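Reading through the structure tokens given below for one structure.
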Amino acid sequence: MKEYIGNVELDYSYYDAEDIYNEGDEVEEKILRTLKETTDYKEHLNVIAEDDRWPILYQLSKQRENIIEPMEIGPEDVVLEIGAGMGAVTGAIASRAKHVDCVELSKRRSLANGYRNRLYKNIRILVGNYKKIPIEKKYDVITLIGVFEYAQHYISGQNPYTDFLKDIYRNLKPGGKLYIAIENKLGMKYFAGCVEDHIGRSFASIEGYHKGDMVRTFTKSELEKLLTDNGFKDLYFYYPYPDYKLPVQIYSDDYLPQKNDRLPAVTNYDLDRIVVFDEEKAFESLKGTEEIKILFNSFLVEAVKIDG
């Protein structure tokens, strides 16, 4: 079964109503109504100004698109966006690429993506669990933006993160690139008192996740090992600040914070936090060091498939 919203194709062939991730029916329906009514970001800003809930800001802010800026996506590239959500970055990808295939578990979020990006002619949304969708083509670029940490939710087995990367490796063309945007397990904000983004518990990633926590984030070296152990080469790290969700600045291995750059303390938008120390002063003291790389709040990692 297929549906078209404007130019966007939604394919329900593999959808089994397994919408396991939901930020609340009422707020998601409000976001969907907003995106149905208009694609004008000025109108979206009005909604954000009137409703200060985190899902409203997160799903409607154009600032989300900033995470795409460093990605090497060209006009002949075919892209697979896994976990496309409500399409906050899908349009930004489509504006650069030849074609974008999206995979999204939630029907409602896929509808929101379709309405938001209905003017694009190069987007197809496959609705359903990634693991149950046969991927039949090879891609130039695959993106996991806020997705890799949830691998346990949709990849069965003892090693979901490894298995996920092996699948992605097979789905890339030789020379193809994977981009992972994810929180840093050792992010400065967590030491300074922000609760862990996914489970809302202070120091959870630093002290170690519990067995029942269906999410995992990683340190810089852990990500490097996971990727290289599964065949990826030429790793390159970017450091979005304050994080990959709403990035204002994006640093890199070759361009770290300069003398006059400000890295202010981070707000837990939807949860309370304690203040253990002044993050801005801590980052200031680390400028010019290699150690600052392991304490940024988020990573954007570029990894390349070298072999055929």
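Just so it is clear, none of the values below were taken in a lab; they were calculated from the coordinates. These figures come from a predicted structure and were not determined experimentally. For neighbour counting, all protein chains shown are included, and Cβ atoms are generated from backbone atoms with ideal geometry for every residue, glycine included.
According to the Kirkwood relation over distinct C-alpha pairs, the hydrodynamic radius of the chain is 20.0 Å. Taking each of Lys189/Lys225; Lys107/Lys293; Lys173/Lys287; Lys211/Lys281; Lys2/Lys132 in turn, the alpha-carbon distance tops 28 angstrom for Lys107/Lys293; Lys173/Lys287; Lys211/Lys281. Once you reduce the range 86-129 and the range 160-207 to the center of their Cα atoms, the two points are 22 Å from each other. Rounded, prolate or oblate: which fits the range 1-131 when a ≥ b ≥ c are the square roots of the eigenvalues of the alpha-carbon gyration tensor, with rounded for a/c under 1.5 and prolate only if a/b beats b/c? Oblate. Classified by the C-alpha gyration tensor, the range 251-308 has an oblate form. Its axis ratio a/c, with a ≥ b ≥ c, is 1.5 or above, and a/b does not exceed b/c. The Cβ shell under 13 Å around Lys293 holds other residues with a net charge of -3, Lys and Arg each +1, Asp and Glu each -1.
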